1. What does the convex hull of the Cα atoms come to per residue for region 266-366, in Å³?
2. Could you run the Karplus curve 6.51 cos²θ - 1.76 cosθ + 1.60 with θ = phi - 60° over region 117-129 and give me ³J(HN,Hα) per residue in whole Hz, x for Gly and Pro?
3. So if each residue of separation counts as 0.36 nm, and I subtract the Cα-Cα distance between Q271 and E248, what length gain in nm does that give?
4. Given H placed on each backbone N at 1.01 Å, which residues far from T125 in sequence or on other chains put an amide H within less than 5 Å of it?
5. Kindly report, to the nearest 10 Å², the accessible surface of F191 as traced by a 1.4 Å probe over protein heavy atoms only.
6. Could you work out the percent of alpha carbon pairs in region 141-189 separated by over 14 Å, rounded to a whole number?
7. Considering the chain as a Gaussian network with a 10 Å cut-off on Cα pairs, which listed residue, N59, N305, N151, attains the greatest mean-square fluctuation?
8. Could you order the peptides 26-35, 111-120, 85-94 from most to least packed, using the average number of other C-beta atoms within 10 Å per residue?
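The values are calculated or read from the model by the stated rules, or taken from the named source; none is laboratory data. The structure displayed is predicted, hence computed values, not measured ones. Here the Cβ positions follow ideal geometry from the backbone for every residue, glycine too, while neighbour counts run over all protein chains shown. Accessible surface is based on the protein model in full, side chains and every heavy atom, while ligands, DNA and RNA are left aside. Shrake-Rupley method; radii C 1.70, N 1.55, O 1.52, S 1.80 Å.
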Amino acid sequence: MSIHFLDVGAAYKELQKEIEEAVIFSLQSGQYILGQEVEHFENDFSAYCEARYAVGVGNGLDALRLALLAMKVGPGDEVIVPSNTYIATWLAVSQCGATPIPVEPIEETFNINPNLIESAITSRTKVILPVHLYGQPAELDAILSIARKYNLFVLEDAAQAHGAIYKGKRIGGHGDAVAWSFYPGKNLGAFGDAGAVTTNNYEIADRIRVLRNYGSRIKYINEIQGFNSRLDPIQAAVLRVKLKYLDEWNFRRAEIAGRYHAVLRNSYLLQPVVSTWTQPVWHLYVIRTCQREALRCHLTQAGINTLIHYPIPPHLQKAYTELGYQRGDFPLAEAMADEVCSLPIGPHMSPDDQEQIIAALLDFQS
């Protein structure tokens, strides 16, 4: 028997009737680009995130890129990013012509360290771009305080944090804008690529709406050089259905994470540390061990699939050789890349499967 890292089809099986009815309704509407289905999801999602506006776009990378462009980021500008993140965070900055400036994480939480941000700010810095990595919010109060001090924008990358709570308020409206991915494996996932930006800033929301649609508000009248990055109405219909179940699914993830915590607390594994002021949504459950490859081999032999998020930090990727970074420049990000291992977690994982995973982890220790 093989235990999947994540069963992405299980959500469809659970909600099949509702999802199929929503998709058929969308198909029968005759509106296949933007339209009411997208508007309804944007309204639902902004309300859920406690933000004034939501703008649906084609994918999570475009959400980041269009938000940066709406903040007028361009060539010559710098954007502070985590050294420990998926490369999309960096790519969005580069695609605007700006330069990503990496800052190391807090070792216990994997998120960007606010105490190191100020020293990375220069006269060219335009935006601070924290990532709520693995579903745990970054330290937003400290980050926002620095941003206000230097008159900078804050764009949050919440691709893994749907429903996460920071000091009693959902992620979605703390910074100037928040970028979301609805990639199928996310806590709130579509059946293909999809993304959105939430914000309390009308001007930012308005610019993104124009940017996503060829730079146009009215057909054939183009105000700026825009893009084609519109949330598909069929995906919006699916997301509207799934959004109703997100809190329940996040609760299931939290129960699984709690079981991992309780059993593995005194084991050979370094576990994620949860800050007291956050309620993470456990998109990933990431442990660290210097015996990673041997452990993964042991788990594979036991029929358990694991993943590495992420095996190569952005500064060491071939795509960023022009920045001139070398191994050793960001040692924490490099150590994490060498040691992290993501254990199976998801709202449809059975207790029996988790017990099998835990047994295999403890068996490796013995």
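1. 145
2. 6, 4, 5, 8, 7, 10, 5, 9, 5, 10, 9, 9, 10
3. Values: separation 23, 0.36 × 23 = 8.28 nm, distance 2.39 nm.
Roughly 5.9 nm would be gained on extension.
4. Under 5 Å from the amide H of T125: E78.
5. 90
6. Numbers: 635 of 1176 pairs.
Value for region 141-189 (Cα pairs over 14 Å): 54 percent.
7. Answer for the Gaussian network model of the chain: N151.
8. By packing density, highest mean first, the sequence is 85-94, 111-120, 26-35.
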